2 protein chains.
Amino acid sequence: MADTPIDFTGLACPIPISEYPHVSLAHGGGGKLSQQLIQKMFVSQFANEQLSAMHDGAMFTIDGARLAFSTDSYVINPIFFPGGNIGELAVNGTVNDLAMCGAKPLYLAVGLIIEEGLSMDELWKIVQSMQKAAQRAGVVLATGDTKVVDRGKGDKIFINTSGIGTISEGINIHPQRARVGDKILVSGKIAQHGIAIMSVREGLEFESEMKSDTAPLNELVKAMLAACKDIHVLRDPTRGGVASTLNEIAESAHVGIAIREETIPIEGAVRGACEILGLDPLYVANEGKLIAFVPQAYSNQVFAAMKRHPLGIDAAIIGEVVTDHPGAVVMKTRIGGSRVVDMLSGEQLPRIC
Amino acid sequence: MADTPIDFTGLACPIPISEYPHVSLAHGGGGKLSQQLIQKMFVSQFANEQLSAMHDGAMFTIDGARLAFSTDSYVINPIFFPGGNIGELAVNGTVNDLAMCGAKPLYLAVGLIIEEGLSMDELWKIVQSMQKAAQRAGVVLATGDTKVVDRGKGDKIFINTSGIGTISEGINIHPQRARVGDKILVSGKIAQHGIAIMSVREGLEFESEMKSDTAPLNELVKAMLAACKDIHVLRDPTRGGVASTLNEIAESAHVGIAIREETIPIEGAVRGACEILGLDPLYVANEGKLIAFVPQAYSNQVFAAMKRHPLGIDAAIIGEVVTDHPGAVVMKTRIGGSRVVDMLSGEQLPRIC
């Protein structure tokens, strides 16, 4: 490394170097350390209203057009998995980040970082499935960039997708908008993506195949917004799972969240796999699922709209926003007790998306 | 790898597998193989008017707003180099891609892929210089994403930046718009970035330090457009250098390009380094430089506007668009001969940006 004369602002690194001299996998896991890194290093340094919102994307108005703008890198291992591959995951993921801003996704940009030696055939399969996913979601892959790194300096392929969408008048979706009384809805069975990836990595065989739930959620969101324009919060509980997402919202809006374990939809086989693997499904990553915070008066309409959509047939109302315990998520367990559902700390499943 | 039932469209891979069964470094080098991969695999599969334009970014109108949208991943090695680091390079690079569309860059999204073990201190230096670069260019880092990959599965840090800018009425910059008679201008001395990186990699010492020319070009472009709104083409000759950029334009617009070697600005030390390293400076990467195709009637005004800007003081008129040899670039050499300047084939300098 060359010693370059960079003109530093004189600020000390906000992550205590003595405690964390190096970046660890947990800094990318979607849990506490990730949040610390993002908040203390990026948000504090880049300070601006878009970033501080800590949303799935930025929202702003250019020449009268209300836009959402989002980016996500996909580093999943393995790149092909039951139910999908890194290509469609990368398209669906950014489509969903835009949809979670209440936006209609329009254009995607694709950045490929390929490790020298990736088979041309695998690349071709990935490219084809990206195009299929884009068609399904109704977005245009408008621009791109390809880099190749030396063998051993990457891992087959990493894909970044960023996207632009438009937000209609009257839609105002933010994690900060969670309000006491809001009903909390989940669009389907949880923990499928994470368990599908884990089962491949660990070479586990289950009676029924575990498949990723990767899917574009923009049409489901459109149907929900048609039922109620004033949805307060939308989030897709990917890295860190439902638990981390709910904690982020509770913290952002400084409200308490109460959920009931028995109402949370989960496939029996997935629950069984979680038990075998020693994982709590609330912390396992999802891809084609969303969580919505809806004003109580509209919750039944939104719930009904979800149930009518193929990606929402297993939707459920899993809890509500409460005045108690602001900033915390508390779950009423199946056996009648209560437990605090904390944010994920450390790294449960590295490179899950 | 799991065998997933992907429903293929039945199309054969457009890159002959027998010839290129695997992706090679040259597929990311910005030359012939890169172009083949992009054209045959991505453009053909993702076919749409934005991508087919083969510009530095996509251009479209949303709700009346004319926008440019661009993405680029930075995988440069080493991540700190004389004159800059990967962070400011990533900000300046996407600012410049937007500027090359004639856009005013507004918002950037940042995707970090960090290798486990990167020192927190280096990350902090990179983050700080990204913020400084954003401030200098007048853009907001509005959203981001951080992934961490296992040690040995990345290379310290890769950064993707994508950006959005607005294009004013009456500006219409496209590689296809090169017209016979256009003057070709370059904004300054060429080949500095590539030689700076090479000198670090090869451990070469020169009398004067070789420094990268990374810089944001949006203000220079603004000054040029104030002198002539009808600039036909703008490009920053990064990977593949001036030669590859001119070839791409000649091919896009199906015109001939004639340049004169003696008019191309190059620092004596850089020329010397190129000779020692056996490199042709026309193929060496630049960062903070641009090439402009300007209608002849306005070329002197635009040239004067460039010379008045700190990033254009070494600007030069290096050639023009001609009726002869459509699709090809021909250079009149210093000794009076003529030679075809072909597109880079193979990989001259891997991971230069």
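None of the figures in this text is laboratory data; all of them are computed from the coordinates on show. Just so you know, these numbers come straight off a predicted model, no measurement behind them. Here the Cβ is made from the backbone with ideal geometry for all residues, glycine too, and neighbour counts use every protein chain on show.
Note that region B:98-107 has calculated 3J(HN,Hα) couplings of 5, 4, 5, 8, x, 9, 8, x, 10, 10 Hz, one per residue in order, obtained from phi through the Karplus relation 6.51 cos²θ - 1.76 cosθ + 1.60 (θ = phi - 60°); glycine and proline are x. Using bins of 20 Å that start at zero, the share of Cα-Cα pairs per bin across the protein assembly as shown amounts to 18, 51, 26, 5, 0, in whole %.
Of all lysines in the structure, those lying under 24 Å Cα to Cα from A:LYS156, and not within fewer than 8 positions of it along the same chain, are A:LYS125, A:LYS132, A:LYS147, A:LYS211, B:LYS32, B:LYS40, B:LYS147, B:LYS153, B:LYS156.
Report, in debye and to the nearest 20, how large the dipole of region A:136-182 comes out about its Cα centre when Lys and Arg carry +1 and Asp and Glu carry -1 on their Cβ. The partial results should precede the final answer.
Working: 7 positive and 5 negative charges, 38 e Å.
It comes to approximately 180 debye.
Would you list, by chain and number, the lysines whose Cα falls below 18 Å from the Cα of A:LYS307, excluding same-chain residues fewer than 8 positions away? Once the sequence-local lysines are set aside, what remains near A:LYS307 is A:LYS183, A:LYS189, A:LYS222, A:LYS229, A:LYS289. For label points placed 7 Å from Cα toward Cβ, what is the shortest-first list of nm distances from B:THR263 to its copies? So the label point of B:THR263 gives 7.4 nm to the other copies.
For region A:124-139, 3J(HN,Hα) computed residue by residue from phi via the Karplus equation (6.51, -1.76, 1.60; θ = phi - 60°) reads 4, 4, 5, 4, 4, 6, 5, 5, 4, 5, 5, 4, 4, 7, x, 10 Hz, glycine and proline entered as x.
Distances between copies at A:GLN135, taken between label points 7 Å from Cα along the C-beta direction, are 4.9 nm in increasing order.
Report the extension gain between A:LEU11 and A:THR323 in nm, rounded to one decimal, defined as 0.36 nm multiplied by the number of residues separating them, less their alpha carbon distance. Before the final figure, lay out the partial values.
Details: separation 312, 0.36 × 312 = 112.32 nm, distance 3.87 nm.
108.4 nm is the gain from fully extending A:LEU11 to A:THR323.
With its label point put 7 Å out from Cα toward Cβ, B:PHE206 sits 5.9 nm from the same residue's point in the other copies, in order from shortest.
Mean 1/r over all different Cα pairs, inverted: what Kirkwood radius does region A:48-167 give, in Å? Present the calculation step by step, with values, prior to reporting the outcome.
Details: mean 1/r = 0.0673 Å⁻¹.
Radius from the Kirkwood sum: 14.9 Å.
Please name which of B:GLY87, B:ILE197, B:GLY163 has its Cα lying farthest along the dipole of chain B towards the positive end, using unit charges on Cβ (Lys, Arg +1; Asp, Glu -1) and the Cα centre as origin. In chain B, that residue is B:GLY163. Ordered by the count of other Cβ atoms within 10 Å of each Cβ, fewest first, A:PHE46, A:PHE293 give A:PHE46, A:PHE293.
Determine the shielding of peptide B:74-87 by partner chains: average, over its residues, the number of Cβ atoms on other chains within 10 angstrom of each Cβ.
Mean partner shielding for this stretch: 3.
Each Cα pair under 8 Å and six or more residues apart adds its sequence gap; the mean of these over the residue count of region A:1-143 is a relative contact order of 17 percent. Once Rg and the Kirkwood radius are both taken over the C-alpha atoms of region B:175-340, their ratio Rg/Rh works out to 0.97.
Applying a 10 Å radius around every beta-carbon, put B:79-87, A:114-122 in order of their mean neighbour count, most first. Intermediate results must be reported in sequence, preceding the final value.
Values: B:79-87: 23.8, A:114-122: 19.2.
Most protected by this proxy first, the peptides run B:79-87, A:114-122.
Stokes-Einstein diffusion of chain A at 20 °C, 1.002 mPa s viscosity, Kirkwood radius from Cα pairs, rounded to a whole number: 102 µm²/s. Look at the dipole of the protein assembly as shown built from charges on Cβ: of A:PRO295, A:ALA273, A:PRO326, the Cα furthest out on the positive end belongs to A:PRO295.
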